[in-house]
Every structure is written in structure tokens, then in C-alpha cells.
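Note sheet for the following structure.
The values are calculated or read from the model by the stated rules, or taken from the named source; none is laboratory data. Please read all numbers here as calculations on a predicted model, not as lab measurements. Every residue, glycine as well, gets a Cβ built from its backbone with ideal geometry; the counts of neighbours run over all protein chains shown. All accessible areas refer to the heavy atoms of the entire protein, side chains included, with ligands and DNA or RNA removed. Shrake-Rupley method; radii C 1.70, N 1.55, O 1.52, S 1.80 Å.
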Amino acid sequence: MTLTDPNSWHPIRPGERFRNPWPASEPHGLGDVLRFFRESRSRPRAPTPPRGSFPVATPAVAYPTAGADERRATWIGHATVLLQLNGVNLITDPMFSQRAFPVQWMGPRRVMDPGLALDRLPPLDVVLVSHNHYDHLDRPAVKRIARAHPQATWVVPLGLGGYLRGWGAHAIVELDWWQQLEVHGVRVTATPARHFSNRRLGDRNRSLWCGYALDLDGWRAWFAGDTAYHPQFGEIGSRTGPFDFAMVPIGAYDPRWFMERVHVDPEEALRAYGEVTAAHRDAPHPLMLALHWGTFRLTDEPMDEPPRRALARWREMGLEDDRLWVAAFGETRAL
Ligand code: ZN
Ligand code: ZN
């Protein structure tokens, strides 16, 4: 395992807070947060669909690993993806709890159960965590994975390691944006995202947020993390692409006046996809897996709207339907 540090991006000292580097890219302040909650009762809000409303599939996980020249992805739900790349097993943002909240008796509850049970995970080599929000960093899941997969290396953005250490994880590597790590033959690069972090009172932006680019012998994937639209998607593509597979969030965007600073909507997600792929026009369009929808009721839009809008824009962009993967929960695809 080697860590390279081409240029530490965030000149931050302990005790300082992380920031998005682009103009007007900070999330709304307290006044707007209060307005958001005050108006939440009067805003039109689509009903939450009953549990189990979305399609499920039987996962085709390879145990213990995929073959030497084989790659598979399984969408477990939300931003949780099991990647089996040749002999290496990676998981993104492992979230398995019923609620994305500090306590399990209130807060956003699952509409869809995880498409693969936690105890059905193959032996994990790498766990990638994008940031500390409750729908991405799930303490019970971290504890159980740390116990059941003690060999796993945890890759997290700056400042996040402390949470994991307290929950039993051992090998933890914190990355700044653009920092790289080579682990089990996979080069992992933390990529910029426009978002924020917050988990408990007083810790806002004390840890960083990011996406991850992966490179395994020239096969490349990108996991966007949670992000609003920002001007550096093109640079992500030119520095760490061309990608064969892209995992991009499409949900949790209404009301727009509030959410546009933290989450892309489906059209912005595809704009980001277009910009990430723009630097390599001759490369085939990467398969895009749509993330961050259908699992938890987080925002106002109808829960089945994100994939519909994403597919409509995908077609407007002249892309082939089969390159946009709107997965069933638990669905596996060969990559
Ligand atoms: Zn988030
Ligand atoms: Zn999220």
C-alpha cells in the first residue's frame, strides 16, 4: 500500500473547517435551514411509496472473488455498490441500517431493504467512504464490517478516520482531493465534490467529502460520492479517466432552491457525466449506474422521478439506453 501526494489540496490545520473552493458553493446557512423546515409542512411533497415499491433482483455475487479477468458490480441500494474487480472486492459507502439517522426510532426510513445482506458480502479488501452523512456512513455497518472483514483497508476523506477508528476499523487511509493510494493493485484517487459534512453538533465540515476514481490495470471507474454541480468534472475526467464505469447520484434534489448546493438533479448528473467523459471523446461512453435514489425518502421529489428524468435527458443527449443502468435492488452486472 503506497500513498502518493502530488499536491495536498486543502491547506488545512487541525481545528479548521473544510470548504468548497468554488464561488457561492457553500450550503445554505442557518436562516435558510430554518426556512426549509418551516416550509416543509406547506410544500407540495409527493407521498412516500410503500415499502418494497421498486424492483429487486437476486444478486450474482462471486464468492470469494470474481475471476482473474472478470469484473462485476452489484447495486445494494442508495450509494452502496459492491465492486468485484478481478480478484479484489471493494464496497462504496456501506449503508445497511433501516434509518439514515442517529437513532433508529426516527428519521428517514428505508423504502427498500439492502439488495444484499451484510452477512452475504464476500471478503472485502477495500471500503470506500465518501463523507460522514448518515445515509453514507453507517456506524452499525462499519462495526460489523470491521469485525467480519478485519483485512479491509478503509479509504476515507481527510478527517473521517477518527470516526472509524472508534468503531473498530484498523487500516484507515485519509485522502485529500487528488491524493492517490495504491491498494491491492487498485489505484484510488479522491476526486473533488461540492458537498459538506455534518454528523453531530459542532462537527460541520470538520471532515472532508469526495468521490473516488479507480484504476486497475487501465480499467477505470468513478464513484461520484454526494455532490452538487461544480466546474471540475471535466478535470476529473482528464486526470483520472477515461472511465469504463461511472457511478453518479441522481436523487435528493427538491426543493431546488435549497438542495442545488448539495445534490445534483438528474439533468445536472448527466451534465457532470458529459463533462467527465468530454476529455476522451474517442473512448466509448462508460456505463453509468444511477445512485442515491429509491432507497430513503430524503427530499420532496417523487421517489420514482429521478430515473425517469435521467433516462429522458440521457436520450436527449443521444446516448444508448443500455449504457444507463437503472438497477434493480441487488442487481449484478458484468462490467
Ligand atoms: Zn451527503
Ligand atoms: Zn447522500
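Assorted remarks:
- Counting only residues that are open to solvent by less than 60 Å² (accessible area, probe 1.4 Å) and more than 23 Å from GLY185 (Cα to Cα), the stretch 53-74 holds 5 of them.
- Residue check, LEU216 within 16 Å of ligand 1 (Cβ to nearest atom), closer than 24 Å to ILE91 by Cα, open to solvent by 10 Å² or more (accessible area, probe 1.4 Å) and over 14 Å from the mean Cα position of the chain (by Cα): no
- Cβ-Cβ under 8 Å pairs, at least 6 apart or on other chains, the stretch 112-138 side within 11 Å of ligand 2 (Cβ to nearest atom), far side part of a helix (DSSP H, G or I): ASN132/TYR163; LEU137/TYR163
- Answer residue from the stretch 25-42, given it is surrounded by 11 or more Cβ atoms within 10 Å (Cβ to Cβ) and not hydrophobic (A, V, I, L, M, F, W, C) and is nearest to GLU305 (Cα to Cα) among those: SER40
- Flag if ALA190 is crowded, with 22+ Cβ neighbours inside 10 Å and assigned to a strand (DSSP E or B): yes
- Among residues of the stretch 163-177, those that are within 21 Å of ALA193 (Cα to Cα) and open to solvent by 40 Å² or more (accessible area, probe 1.4 Å), counted: 1
- Which listed residue is farther than 26 Å from THR240 by Cα, open to solvent by less than 10 Å² (accessible area, probe 1.4 Å), in contact with a helix residue (DSSP H, G or I) (Cβ under 7 Å, 6 or more places away or on another chain) and more than 15 Å from ligand 1 (Cβ to nearest atom), from ALA152, ALA141: ALA141
- Filtering the stretch 198-223 to residues that are in a strand (DSSP E or B) and farther than 22 Å from LEU311 by Cα leaves GLY211, TYR212, ALA213, LEU214, ASP215, LEU216, TRP219, ARG220.
- Pairs linking a residue in the stretch 294-320 that is free of Cβ contacts under 8 Å to residues at least 40 places away in the same chain to a residue that is away from ligand 2 (no atom under 16 Å from the Cβ) and open to solvent by 50 Å² or more (accessible area, probe 1.4 Å), with Cβ atoms under 8 Å and 6 or more positions apart or on different chains, are LEU311/ASP321; LEU311/VAL326; ARG315/ASP321; LEU319/HIS285; GLU320/HIS285.
- Criterion violated by PHE223 - all others in (1) within 16 Å of ligand 1 (Cβ to nearest atom); (2) farther than 25 Å from PHE37 by Cβ; (3) over 18 Å from the mean Cα position of the chain (by Cα) satisfied: (3)
- Residues in the stretch 89-109 that are out of contact with any strand residue (DSSP E or B) (no Cβ under 6 Å at 6 or more places or on another chain) and either in contact (Cβ under 8 Å) with a residue 60 or more places away in the chain or within 16 Å of ligand 1 (Cβ to nearest atom) (or both): SER97, PHE101, PRO102.
- Matching residues in the stretch 43-52 - criterion: being of a type outside the set (D, E, K, R) and exposed (fewer than 15 other Cβ atoms within 10 Å of the Cβ): PRO44, ALA46, PRO47, THR48, PRO50, GLY52
- Here THR65 meets each of (1) touching a Leu at 6+ places or on another chain (Cβ under 7 Å); (2) of a type outside the set (A, V, I, L, M, F, W, C); (3) farther than 22 Å from VAL326 by Cα with one exception, condition (1).
- Residue satisfying all of: in the stretch 96-121; modelled with pLDDT under 95 and among the small types (Gly, Ala, Ser); surrounded by the most Cβ atoms within 10 Å (Cβ to Cβ) among these: ALA100
- Consider the stretch 244-268 and keep the residues that are in contact with a strand residue (DSSP E or B) (Cβ under 7 Å, 6 or more places away or on another chain) and under 18 Å from TRP75 (Cα atoms). The one that is farthest from ligand 2 (Cβ to nearest atom) is ASP244.
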